[in-house]
Amino acid sequence: MSTSAAARHAPGRVPGEGTAARARGLTKAYGAGETAVLALDSVDVDIARGRFTAVMGPSGSGKSTLMHCLAGLDTVSAGQVWLGDTEITGLRERELTRLRRDRIGFMFQSFNLIPTLTAAENITLPMDIAGRKPDQAWLDQVIDTLGLRGRLTHRPSQLSGGQQQRVACARALASRPELIFADEPTGNLDSRAGLEVLGFLRGAVDDLGQTVVMVTHDPGAAAHSDLVLFLADGRIVDELARPTAERVLERMKRFDGARGTGAARED
Amino acid sequence: MLKATLRSFLAHKGRLALSALAVVLSVAFVAGSLIFSDTVTRTFDRLFASTAADVTVQPKRDLMSARASGAVGTLPAALREKVARADGVAAARADVQVQNIVVVDHRDRSISPTNGAPTLAGSWYPTRHSPVELTSGHAPRGPGEALLDADTAGRRHVRIGDTLTVQAQPGTFPVRVVGIATFTTTNTGAALLFLDPAVAGHRLLGSDARATGISVDAAPGVSDAQLKHRVVAALGAAAAAYDVRTADEQAKSAAASLGTFLDVVKYVMLGFAGVALLVGVFLIVNTFSMLIAQRTRELGLLRALGADRKQVRRSVLTEALLLGLVGSTLGLAAGIGLAYGLIGLMGALGMNLSAAQMVIGWGTPAAAYLVGLGVTFVAAYLPARRAAAVSPMAALADAEVAGVGRPLRARAIAGAAVGAVGAAALAGCAAATKTGTAAVLLGIGVALTLIATVVAGPLLVRPVIRVLGAGFPALFGTVGRMSQRNALRNPRRTGATAAALMVGLALVGGMSVASASMSASFDQQIDRRLGADFTVQNANFTPFTRQVADRVAATRGAGLVVAQRLTRIAVGLPDGGRVETGAAGYGPGLDDVVHLSYAKGGSAAALADGHLALDASFAEDHGVRLGSVLPVRFPGGRRAELTVGALTEQSTTDGFGNQGGVFFGLGTLERYAPGGQDSALYVNAAPGTRPQDLRPRLEQALKPFPQVQVRNQSDYKKLVHDQISVLLYLVYALLGLAIVIAVLGVVNTLALSVVERTREIGLLRAIGLGRRQLRRMIRLESVVIAVFGAVLGLALGLVWGVCMQQVLALRGLTAFAIPWGTIVAVVIGSAVVGVVAALLPALRASRMNVLAAIAHE
């Protein structure tokens, strides 16, 4: 990668074919004055539409904060964030809530489901909250793809961890959102169930044309993505297209060995 | 361990605050009522001790009740000379003081107190025992002058020079106010009018030769007891007809007669304290149970580190005692405030108790702490045992998911067993034929079914809330569905929370059914029995001057006028029993104004001279037959042998405190208990006069008598309803308190649920649940819990009400009515309670930071 190419294609910036979400100069600071901690330090990032993007980095690198800011869960200290053509920085609480409900799907590491609702009710929850009728054909396709047909009337407590994450995945897909955020979706699963969930996310992108952003610290999980963004100290320090677990691990090791040199690398 | 307990207590102070409030409320009512009654008792003891003469001689109070008959007990004024001659007497006065009068101003308005306190008229003898002193004007001289007390003068805007009209038993006369007398002691609320002693006997008793009592002052060096002894000796054989009392005895006797009113205040206050305690116990049990559920891991850790069960239990109980200590202390302070308020309220009613003299006996703090500590200790005992049962393994296990409780089988068995006994008692009550048995069974049944419902409450949560919340998903979509299921999540907690509301509403339900049935029964009886076009009487059924009857009879268009006079009698019965009861005397023409049905005999025989009538079933119970001759004693010691002339089939006795429904002719009554006043007049329009034409004329004629009103049948029904409502107001006040505490309980439960569900709320917010929707979700959960409590309470109350009505039916109140309006209002009200209780927890949940909530451990 030449220096000029690197300047043109700064890490995280994807040209062409449309972006599902983008951020410019995204900065998030906690605290104020001398004790302020920069979780995100002027991050520019484009999330390509129809792609599976993984965000990696050591703990405290700001990867979860990046996701929260992109998803309208957290406010930013400076910079701008767009979801599609909508600038979400500056939106009010109620508009952000609507945006999350209607245009974004979420998967969390654990506690993804409302324990009092059945699997089917959990899947359609965002649309029920909005008072919208789900697209039944699409819903059936999602449910069948995730193999949940026989579990629809079960409560979360009657489902295994893997099944619960599949229900969460179905919920994220059900409203056909512009963007799905998955925060460590395999963190609490055994490897077989984890692989299954990653396979579904992959399938959601390839077969259903969805856009997925996944935060993870597992190189194996990141290997299922199209593009891996590496975060360190609040900045995107590198990216890796068509990753494999070995190559991701290798990159990670490099950062761990030379932390704080991220800025130099960008030049 | 103590340090850990203290830390934990302080750490949970927010949660404990609501429980403490429950303790504060109940202790405040206990302490407030004790302080109030101590203060009042002390004040009156002082008042009576300072205003009583060294020795007083009065007619015997046997069967005497001025309230009922309007008759005044008197003694010969000449007795004064006999008493004055006794050794050691410094001075003796023949006093006149009556309360069977009404005083009206020049615009025919009564100047009597509105709070039910009497208007007293008497002779003006200023002594060191007088409760008042002359502060302006001069003492009354001659027949046309009077003194008025300053409080009444101020309240009714009476000035020196104004003319008042006094309606006394012997006749109405005008007086000019020539002086104002100001209280030097506590004013009990009565209005006082003083006349020249030279005319008081004539004016108020109809004779100068009569007096209502003799006041005797002791010579220096003679004790009251010695003086009493000598006075009794001086009276000789006649002493047996009189009550001779020393100042102390007189004060006690006066205090005793005032005691009934104070007792009512005291019992009402203690009733509030009881409700506060009962509901407070639920709140405390609930709070501690939740705290312990929340701290399972912490307790497990303590156990793992080597604390034994006893220590854990002691730790929880210590926390409870700390709570009780704080609550009792605050409650005691609040009780003092409450007593201040009550004393102020009494002031507004005309009873001037100086708050500066507030009496706080040692018993008050003792009772406050006993109640406060006792109730928290008892309420925390079960949760403490549960805490001690936590295994050390709990420290290692994952945090238990809230809502998974132990099975409810034990509750089901206990609830069903207690409930079955309670239901049997209620069934027994419904089937009983004796009022006494029925009332006892009712009490047992009410207590047991209440306990059973509280115990089994959590079992009813699922079925009842499924039904109550069935419409929620359709009405409120997924938010409604979630709130319904949230309420179902922890049946034990939902049940306990609702129980607090249930207790209060069960009481209200039962009482409202009983009172509605009473109203309906009275309506029925009025319809069936009252034949008169009008009744003339006053709202509190006290007697009034006979001049009213004369006025009514003289009114153009008035036909038959039948007077009713009441007295108390003691009847000796053939079965050896002796019954003291109220009895009525009626004038001729009774059949035209009241429809009585007779088993034997008729009105003519009943009202004939020397005869009486009584209720047939009472007669049967006591072996009385038509023609039996019964010894009857009247007030003032007069005895008569009266023949049973008729037996009535009254479906009820005339009222409370009356037995046997005894009545006789006015002639009989006048012979043995003369001087009484009328309690009611039954008036028919004369032939050819329409009742609606008579009414304005009657009202015009009775304008100078503001103490009586003219009522037709529907007015009379309304009067009776109003009397019954007084009972209801008290119940509603109790309910109000129960609701306040129940709201605290719901707030408590919801606040905890919100904390427990932090992550869930965070998730809901993340995937797009708006703040408003979140608030609605919590509000609906609160509403469904509150309505659940209300439905359970009302259902229980209705069952109680049916049984209470059965008891009333034994007293002849046979009608049964369910006040649907009240019931619907209570259900709606409970929903409002739910909304109010959810305000703070909902606000707190909606303010929660989404990210922090998701990350919440």
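The values are calculated or read from the model by the stated rules, or taken from the named source; none is laboratory data. Please read all numbers here as calculations on a predicted model, not as lab measurements. Glycine gets a Cβ as well: all are built from the backbone with ideal geometry, and neighbour counts include every protein chain shown.
Summary of values
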{"item": "Count of segment B:768-815 residues which are within 14 Å of chain A (Cβ to nearest Cβ) and in a helix (DSSP H, G or I)", "result": "11"}
{"item": "Whichever residue in segment B:449-487 is within 16 Å of B:Leu769 (Cβ to Cβ) and free of Cβ contacts under 8 Å to residues at least 24 places away in the same chain and, among such residues, is farthest from the other protein chains (Cβ to nearest Cβ)", "result": "B:Pro473"}
{"item": "Number of positions in segment A:152-162 that are farther than 19 Å from A:Thr186 by Cβ and in contact (Cβ under 8 Å) with a residue 24 or more places away in the chain", "result": "5"}
{"item": "Test: residue in segment A:52-71 that is within 14 Å of chain B (Cβ to nearest Cβ), in a loop (DSSP other than H, G, I, E, B), closer than 30 Å to B:Met777 by Cβ and not small (Gly, Ala, Ser)", "result": "no"}
{"item": "Tally of residues being surrounded by 19 or more Cβ atoms within 10 Å (Cβ to Cβ) and either away from every other protein chain (no Cβ under 14 Å) or charged (D, E, K, R) (or both) across segment B:732-767", "result": "22"}
{"item": "Residue check, B:Phe173 buried (at least 19 other Cβ atoms within 10 Å of the Cβ) and either acidic (Asp, Glu) or not in a helix (DSSP H, G or I) (or both)", "result": "no"}
{"item": "Residue list for segment B:769-798, filter: small (Gly, Ala, Ser) and crowded, with 24+ Cβ neighbours inside 10 Å", "result": "B:Ser782, B:Ala786, B:Gly789, B:Ala790, B:Gly793, B:Gly797"}
{"item": "Residue ID - nearest to B:Ala606 (Cα to Cα), chosen from residues in segment B:556-590 that are surrounded by fewer than 18 Cβ atoms within 10 Å (Cβ to Cβ) and not small (Gly, Ala, Ser)", "result": "B:Pro588"}
{"item": "Residue that is nearest to B:Lys60 (Cα to Cα) [pool: residues in segment B:615-645 that are hydrophobic (A, V, I, L, M, F, W, C) and part of a loop (DSSP other than H, G, I, E, B)]", "result": "B:Phe634"}
{"item": "Unique match (being under 30 Å from B:Ala28 (Cα atoms) and either assigned to a helix (DSSP H, G or I) or not basic (Lys, Arg) (or both)) among B:Leu278, B:Leu301, B:Leu235, B:Leu227", "result": "B:Leu278"}
{"item": "Residue check for B:Ser515: part of a helix (DSSP H, G or I) and within 14 Å of chain A (Cβ to nearest Cβ)", "result": "no"}
{"item": "Test result for B:Thr163, under 33 Å from the mean Cα position of the chain (by Cα) and among the polar types (S, T, N, Q)", "result": "no"}
{"item": "Of all residues in segment A:200-230 being in a loop (DSSP other than H, G, I, E, B) and without any contact (Cβ under 8 Å) to a residue 40 or more places away in the chain, the one that is nearest to A:Phe52 (Cα to Cα)", "result": "A:Ala223"}
{"item": "Failed item in (1) in a helix (DSSP H, G or I); (2) under 19 Å from B:Asp591 (Cα atoms), with B:Ala532 passing the rest", "result": "(1)"}
{"item": "Residues that are facing another protein chain (nearest Cβ under 9 Å) and among the charged types (D, E, K, R), drawn from segment A:99-126", "result": "A:Arg100, A:Arg101, A:Asp102, A:Glu121"}
{"item": "Inter-residue pairs, beta-carbon under 7 Å, first over 19 Å from A:Thr75 (Cβ atoms) and in segment A:33-57, second among the aromatic types (Phe, Trp, Tyr), 6+ apart", "result": "A:Met56/A:Phe230; A:Gly57/A:Phe230"}
{"item": "Qualifying residue in segment A:81-98 (condition: touching a Gly at 6+ places or on another chain (Cβ under 9 Å), within 14 Å of chain B (Cβ to nearest Cβ), over 20 Å from B:Arg481 (Cα atoms) and in a strand (DSSP E or B))", "result": "yes"}
{"item": "Qualifying residue in segment B:831-842 (condition: more than 14 Å from every other protein chain (Cβ to nearest Cβ), in contact (Cβ under 8 Å) with a residue 60 or more places away in the chain and of a type in the set (Val, Ile, Thr))", "result": "yes"}
{"item": "Test: residue in segment A:170-182 that is in contact with a Gly (Cβ under 6 Å, 6 or more places away or on another chain), within 14 Å of chain B (Cβ to nearest Cβ), within 28 Å of A:Gly18 (Cβ to Cβ) and surrounded by fewer than 24 Cβ atoms within 10 Å (Cβ to Cβ)", "result": "yes"}
{"item": "Counted residues, segment B:658-687 - those being within 34 Å of the chain's Cα centre (by Cα), within 16 Å of B:Ala553 (Cα to Cα) and hydrophobic (A, V, I, L, M, F, W, C)", "result": "3"}
{"item": "Of all residues in segment A:127-150 being within 14 Å of chain B (Cβ to nearest Cβ) and among the charged types (D, E, K, R), the one that is surrounded by the fewest Cβ atoms within 10 Å (Cβ to Cβ)", "result": "A:Lys133"}
{"item": "Test: residue in segment B:493-512 that is modelled with pLDDT under 90, surrounded by 18 or more Cβ atoms within 10 Å (Cβ to Cβ) and within 14 Å of chain A (Cβ to nearest Cβ)", "result": "yes"}
{"item": "Residue in segment A:105-115 that is farthest from A:Gly209 (Cα to Cα), counting only those that are buried (at least 22 other Cβ atoms within 10 Å of the Cβ) and out of contact with any strand residue (DSSP E or B) (no Cβ under 9 Å at 6 or more places or on another chain)", "result": "A:Ile114"}
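For every residue, the table says whether it meets (1) touching a helix residue (DSSP H, G or I) at 6+ places or on another chain (Cβ under 7 Å); (2) part of a loop (DSSP other than H, G, I, E, B); (3) aliphatic (A, V, I, L, M).
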site	(1), (2), (3)
B:Gly582	yes, no, no
B:Asp591	yes, no, no
B:Asp609	yes, yes, no
B:Ala613	yes, no, yes
